[in-house]
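The values are calculated or read from the model by the stated rules, or taken from the named source; none is laboratory data. Predicted model only: the values in this text are computed from it and were never measured. Please note: Cβ atoms are built from the backbone with ideal geometry, for glycine as well, and neighbour counts cover all protein chains shown.
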Amino acid sequence: MNYHIWTEGCQMNVADSQRVGSALEHLGYSQTENVELADVIVMNTCVVRQSAEDKATGRLTSLRPLKQKNPNLIINLMGCLVGVKGHDRLKKAFPFVDVFSPPSDPGPLISHLTQGEVRSFEDAETTRRFLAMDEELVLPVSEQGKLVSAYIPIVYGCSHACTYCIIPYKRGIERSRPVGDIISEVRSLASQGVVEITLLGQIVDRYGKDIVDGPNLAQLLKLTAEVPGIQRVRFLTSHPNYFGEELIDAIANTPKVMPHIELPIQAGDDKVLENMRRGYTQQNYRDIVAKIREKIPHCSIATDIIVGFPGETHEQFMQTYQVLEDLRLDVAHLARYSTRIGTVADRKMEDDVSDEDKRERFRILEDQQERIVAEINAKLLGQTVEVLFEEKVKGRWRGRTPTNKLVFVESDENLRGQIRAVQVTWTGPWSMQATLPAKAPATLIAQEIL
Ligand code: SAH
């Protein structure tokens with residue numbers, strides 16, 4: 001029996017898919033890349049922009065002939081297209097879908113496959129909790145292959161309600177997971193060879209704010225870094241309103257917490273930020289970046305930007321350009337504003353920036369960022385950096401520096417899961433190439449130590 005998973009969207013969806021895959025493997029299914037060979041197809045969807053939603057519905061429609069050919073095929077629609085508020089409309093539009101699952105919830109699929117019965121899960125308690133759709137349940141995820149790096153959701157949902165954003169409506173209110181569950185998941189993953197953990201939340205720095213007597217994100221990062229076997233800890237996505245000094249200190253003072261921060265600004269103009277209901281000014285953002293750089297000088301910072309938000313004038317857009325020019329961030333994830341039905345921006349504002357202008361603003365920032373990042377990365381040429389290698393792609397090993405920069409190395413050694421010092425031989429805006437130093441003879445190493 002085979003399963004096929006199609007995943008679209010954020011890291012949270014990737015984590016959710018890993019969990020579904022793991023659960024299916026407990027039930028005896030094997031993963032296949034070929035959708036035609038699958039007995040179960042999971043479509044894990046994203047609706048953050050219209051383009052993502054169109055992709056999901058297009059892909060789903062393309063499955064209809066497969067289902068007609070093989071009525072026993074089970075199609076599971078999961079994620080933000082389904083959401084947490086019921087799916088009657090979807091059921092009518094896609095009658096060939098067998099199971100609908102809200103984001104982060106493999107429960108409906110597993111119940112459907114087992115008809116509520118215990119099957120080949122290893123222990124009955126796991127199965128019971130799983131079928132009860134117990135969100136706190138920890139399933140090891142590295143069954144699907146040798147995972148080096150794993151995502152762990154620590155806060156589900158979001159309660160912030162930025163005016164453009166559909167996520168709170170689709171993923172429900174913010175819920176932090178208990179620290180015990182998170183740490184036991186980290187331990188389980190570490191025992192299976194995972195060396196890097198990325199803690200996830202829509203607003204990850206709000207972790208713990210809804211739990212009495214629990215740790216905050218700064219404390220959780222330290223606890224995660226202390227788990228034996230874990231070499232690197234990352235976290236995303238942060239919101240500027242909650243990015244305080246304690247968190248900056250925790251990153252600065254915990255060597256295993258990587259110096260890389262995903263901190264969306266969304267826009268560089270105060271009026272636009274207010275209309276987005278982000279809760280900070282561009283100066284607040286600049287102050288946080290200055291504080292990060294003061295305490296963690298080598299830290300890389302990524303941001304998200306939306307161009308063409310309702311009412312954004314060219315002058316206001318140029319404020320965003322100026323902020324990026326001044327701050328010189330390592331990554332900017334760019335998006336053109338896309339109206340999402342039901343959001344405040346949809347109900348109260350007019351999508352009045354033309355598509356042409358949105359595309360133009362996008363292109364201006366894309367060019368700017370390519371230039372800035374190429375300059376930042378060029379400084380690494382000839383330097384030695386530490387890379388955690390994950391997999392070999394087309395003959396080259398792929399890995400990341402502590403600052404999350406992508407590095408490719410040619411080597412016949414098996415580097416999977418290893419952290420190695422490499423020398424950078426080429427840099428571009430989106431990746432670098434490096435070489436492994438030849439292994440020094442033992443005597444030489446001894447001399448160097450002396
Ligand atoms: N919770 C995270 C990530 C949200 S989704 C955060 O608060 O930043 C990822 C990115 O998609 C957002 O940061 C935003 O830049 C973009 N985005 C969200 N809604 C959008 C919309 N309606 N149109 C265009 N981009 C959007």
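Odds and ends about this structure:
- Test for residue 249: is it over 28 Å from residue 400 (Cβ atoms), surrounded by fewer than 22 Cβ atoms within 10 Å (Cβ to Cβ) and away from the ligand (no atom under 14 Å from the Cβ): no
- Of all residues in the stretch 171-208 being under 26 Å from residue 265 (Cβ atoms) and of a type in the set (Asp, Glu), the one that is surrounded by the most Cβ atoms within 10 Å (Cβ to Cβ): 205
- Count of the stretch 395-419 residues which are free of Cβ contacts under 8 Å to residues at least 40 places away in the same chain, closer than 20 Å to residue 256 by Cα and either in a loop (DSSP other than H, G, I, E, B) or of a type outside the set (Lys, Arg) (or both): 6
- Residue match in the stretch 342-351 (condition: away from the ligand (no atom under 16 Å from the Cβ) and outside the structural domain of residue 10 (by TED's automatic domain parsing)): no
- Number of residues in the stretch 150-170 that are in contact (Cβ under 8 Å) with a residue 40 or more places away in the chain, surrounded by fewer than 22 Cβ atoms within 10 Å (Cβ to Cβ) and part of a helix (DSSP H, G or I): the value is 1.
- Any hit, the stretch 15-23, residues being within 16 Å of the ligand (Cβ to nearest atom) and either surrounded by fewer than 17 Cβ atoms within 10 Å (Cβ to Cβ) or over 23 Å from residue 343 (Cβ atoms) (or both): yes
- A single member of 393, 424 is buried (at least 19 other Cβ atoms within 10 Å of the Cβ) and either under 30 Å from residue 368 (Cβ atoms) or of a type in the set (S, T, N, Q) (or both), and it is 424.
- In the stretch 92-111, the residues that are assigned by TED's automatic domain parsing to the domain that holds residue 75 form Cβ pairs under 7 Å with partners that are modelled with pLDDT of 95 or more and assigned to a loop (DSSP other than H, G, I, E, B), at six or more places apart or across chains, as follows: 100/82; 101/82; 102/82; 102/83; 103/80.
- Entirely in the stretch 250-360, the helices (runs of 4 or more DSSP H) that have 1 or more residues that are of a type in the set (A, V, I, L, M) and touching a helix residue (DSSP H, G or I) at 6+ places or on another chain (Cβ under 7 Å): 270-276, 282-295, 314-327
- Here residue 354 meets each of (1) among the small types (Gly, Ala, Ser); (2) assigned by TED's automatic domain parsing to the domain that holds residue 331; (3) within 22 Å of the chain's Cα centre (by Cα) with one exception, condition (3).
Matching residues to (1) over 22 Å from residue 56 (Cα atoms); (2) at pLDDT 85 or above; (3) away from the ligand (no atom under 16 Å from the Cβ):
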position: 91; (1), (2), (3): no, yes, yes
position: 104; (1), (2), (3): no, yes, no
position: 115; (1), (2), (3): yes, no, yes
position: 139; (1), (2), (3): yes, no, yes
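- Residue within the stretch 205-219 that is in contact with a Phe, Trp or Tyr (Cβ under 8 Å, 6 or more places away or on another chain) and within 13 Å of the ligand (Cβ to nearest atom) present: yes
- Here residue 154 clears all of (1) at pLDDT below 90; (2) within 15 Å of the ligand (Cβ to nearest atom) except the condition numbered (1).
- Any hit, the stretch 367-377, residues being closer than 25 Å to residue 50 by Cβ and within 13 Å of the ligand (Cβ to nearest atom): no
- Tallying residues that are under 14 Å from residue 39 (Cα atoms) and of a type in the set (Lys, Arg) within the stretch 65-86 yields 2.
- Set side by side, the residues 227, 194 differ, and just one is outside any helix (DSSP H, G or I), more than 16 Å from the ligand (Cβ to nearest atom), of a type outside the set (D, E, K, R) and at pLDDT below 95, which is 194.
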